[in-house]
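Trainee: Pasting in a structure now, in structure tokens, and then I'll have a few things to ask.
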Amino acid sequence: MSRMEDARKKYEGIPVPPELSGRVQAAIAQSEEKRRSQEQRKRMAGIHRRNRIWGTCAGAAAALVLIFTAALNTNTAFAEMAAGLPVIGAAARILTFRSYDKDEGDWKISVEIPSVEMIAEDTDGLDAALNQEIYDLCSRYADEAVERAREYKKAFMETGGTEEEWEAHGIKIRVGYEIKAQTEEYLSFAVRGTESWSTAYSETRYYNIDLKDYKMVTLEDVLGQDYARIADDSILRQMEEMKERDGIAFWSGSEGGFTGITDETRFYMNENGNPVIVFDKYEIAPGAYGELEFEIGQTGEGTGKPGYADNFLVPEDEVAAFAGKIKEAVADRDMDALSSLASYPLYVGFKDGGVWAGSPEELAALGTDRIFTPELSAAVEAAGGETLSPSMAGFVLKKDGIPNIVFGVSDGALAVKGINY
């Protein structure tokens, strides 16, 4: 009997309240029906999507412990709660395949190794690959951490240390996990192997699973083909803000520091559906600041956040198209069209003092002649694409300085945010 088969029988032997069984079975049936429907659509379109599991793991010191979003835990109380939730994505059951704590006298070690069983039948071996990966990596990290502790003690004693001094170290080795996000789209989790005597061997890795397509998520999947520029621009802006707000002294020049993201850059998905880039201690700043994280706003379906997170993420063609709508409204002196493009309250900076229009009606009440002045119309007409570089404030349609019209991201979409005379 295989380890997974044995684990499955143990799981199925756990007593479950009668009322829970019907709810779980209904949820499983719903998930199965959804899967069949998806499979039919794929066959009709002639699509055969191969599910992917992540590539070769970098480094020997890698710990992996996993939990799934819609997991039906072996704990009955948790199962009762989970049964009331909708089945999402590739619902799964998670079993603790092996869990142990050891006190070896010279050190203590705590390890949990789970195994995963998918409820959906056709995941192209995702659960089997996960379980083997989990078992191998957790076991390997634990074994290597113990060997490092032995070598450390040997070196410590050979250089004059005493048993009493060694005991004071309190060496602890732990393999564990942390859930980062559990949504209908993604499961994201961090896995950690830590050794209390040295941060050099502590490691955190992040895994992000697409619960609809049963594959590992990449930054390109989330941010698009231009993901590197989008992420780099956002990180650099946030670094400047962190310098001013928190006084973080990021490394630069000969010291190293941030040089741009790559395909190997670590990240996790948060509950907003945005990727969060993570840098190790000492990677881009002194170690005293610890790990540094940068959330990258993004656009796309299924993120939980509609539209754009900031002005720097809006594609150039969409900026140009929106600018064209403003130009057309101004050229036609069309108050209704301009009002429909604005967000409220809208700032209108007249020469004799600025006012706020709280609605399209209030903007219209300011008067067509007062809004569409000859000077504003000329400046907007003469504005070219070179004036539409993104900034924190937005994009500016102008000839020189003032008058101008400022637009930018508001509630995820482009909108006119100010008119200046």
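Trainee: I want to confirm something. Restricting to region 169-212 and keeping residues that are surrounded by fewer than 18 Cβ atoms within 10 Å (Cβ to Cβ) and of a type in the set (Asp, Glu), which single residue is farthest from Ile113 (Cα to Cα)?
Mentor: Among them, the one singled out is Glu184.
Trainee: Spot the failing condition for Arg229; the list is (1) touching a residue at least 24 places away in the same chain (Cβ under 8 Å); (2) within 15 Å of Gly297 (Cα to Cα), and only one is missed.
Mentor: So Arg229 meets the others, but not (1).
Trainee: Answer yes if at least one residue in region 314-330 is outside the structural domain of Ala231 (by TED's automatic domain parsing), more than 30 Å from Phe294 (Cα to Cα) and not in a helix (DSSP H, G or I), and no otherwise.
Mentor: Within region 314-330, none of the residues are outside the structural domain of Ala231 (by TED's automatic domain parsing), more than 30 Å from Phe294 (Cα to Cα) and not in a helix (DSSP H, G or I).
Trainee: Kindly indicate whether any position in region 221-229 is of a type in the set (Lys, Arg), under 27 Å from Pro390 (Cα atoms) and loosely packed, with under 13 Cβ neighbours inside 10 Å.
Mentor: No, region 221-229 contains no residue that is of a type in the set (Lys, Arg), under 27 Å from Pro390 (Cα atoms) and loosely packed, with under 13 Cβ neighbours inside 10 Å.
Trainee: Further, regarding this structure: Residues Thr368, Thr387: which one is at pLDDT 90 or above and surrounded by fewer than 18 Cβ atoms within 10 Å (Cβ to Cβ)?
Mentor: Thr368
Trainee: Mind telling me which of the residues Val396, Val355, Val380 ends up being among the hydrophobic types (A, V, I, L, M, F, W, C), modelled with pLDDT under 95 and assigned to a helix (DSSP H, G or I)?
Mentor: Unique residue meeting the criteria: Val380.
Trainee: Here's something else I'd like to know. Based on this model, can you work out whether Leu346 counts as in a helix (DSSP H, G or I), in contact (Cβ under 8 Å) with a residue 24 or more places away in the chain, under 40 Å from the mean Cα position of the chain (by Cα) and within 22 Å of Val409 (Cα to Cα)?
Mentor: Working: in a helix (DSSP H, G or I): no; in contact (Cβ under 8 Å) with a residue 24 or more places away in the chain: yes; under 40 Å from the mean Cα position of the chain (by Cα): yes; within 22 Å of Val409 (Cα to Cα): yes.
The answer is no for Leu346.
Trainee: Has region 268-276 got any residue that is surrounded by fewer than 17 Cβ atoms within 10 Å (Cβ to Cβ), assigned to a loop (DSSP other than H, G, I, E, B) and on the phi > 0 side of the Ramachandran plot? Step through it out loud before you land on a result.
Mentor: In the first step, residues of region 268-276 are kept if they are surrounded by fewer than 17 Cβ atoms within 10 Å (Cβ to Cβ); the result is 271-272.
Next cut, assigned to a loop (DSSP other than H, G, I, E, B) only: 271-272.
Still in the running and on the phi > 0 side of the Ramachandran plot: none.
Taking every residue of region 268-276 in turn, none turns out to be surrounded by fewer than 17 Cβ atoms within 10 Å (Cβ to Cβ), assigned to a loop (DSSP other than H, G, I, E, B) and on the phi > 0 side of the Ramachandran plot.
Trainee: Name, by its number, the condition in (1) under 16 Å from Met216 (Cα atoms); (2) modelled with pLDDT of 70 or more; (3) of a type in the set (Val, Ile, Thr) that does not hold for Ile109.
Mentor: Result: Ile109 fails condition (1) only.
Trainee: If you don't mind, another one. Looking at region 141-156, can you tell me whether even one residue there is at pLDDT below 85 and surrounded by 18 or more Cβ atoms within 10 Å (Cβ to Cβ)?
Mentor: There is at least one residue in region 141-156 that is at pLDDT below 85 and surrounded by 18 or more Cβ atoms within 10 Å (Cβ to Cβ).
Trainee: Out of the helices (runs of 4 or more DSSP H) lying entirely within region 155-257, which hold 1 or more residues that are out of contact with any strand residue (DSSP E or B) (no Cβ under 7 Å at 6 or more places or on another chain) and farther than 30 Å from Glu104 by Cα?
Mentor: The qualifying helices (runs of 4 or more DSSP H) are 219-223, 227-246.
Trainee: Listed residues Glu185, Glu244; which is under 25 Å from Glu283 (Cα atoms) and either charged (D, E, K, R) or in contact with a His (Cβ under 8 Å, 6 or more places away or on another chain) (or both)?
Mentor: That would be Glu244, the only listed residue that is under 25 Å from Glu283 (Cα atoms) and either charged (D, E, K, R) or in contact with a His (Cβ under 8 Å, 6 or more places away or on another chain) (or both).
Trainee: Please specify each residue of region 286-313 satisfying the condition of being part of a loop (DSSP other than H, G, I, E, B), modelled with pLDDT of 80 or more and over 17 Å from Ser234 (Cβ atoms).
Mentor: Pro286, Gly290, Glu291
The values are calculated or read from the model by the stated rules, or taken from the named source; none is laboratory data. What you are looking at is a predicted structure, and each value in this text was computed from that prediction instead of being measured. Virtual Cβ from ideal backbone geometry, glycine too; neighbours counted across all protein chains shown.
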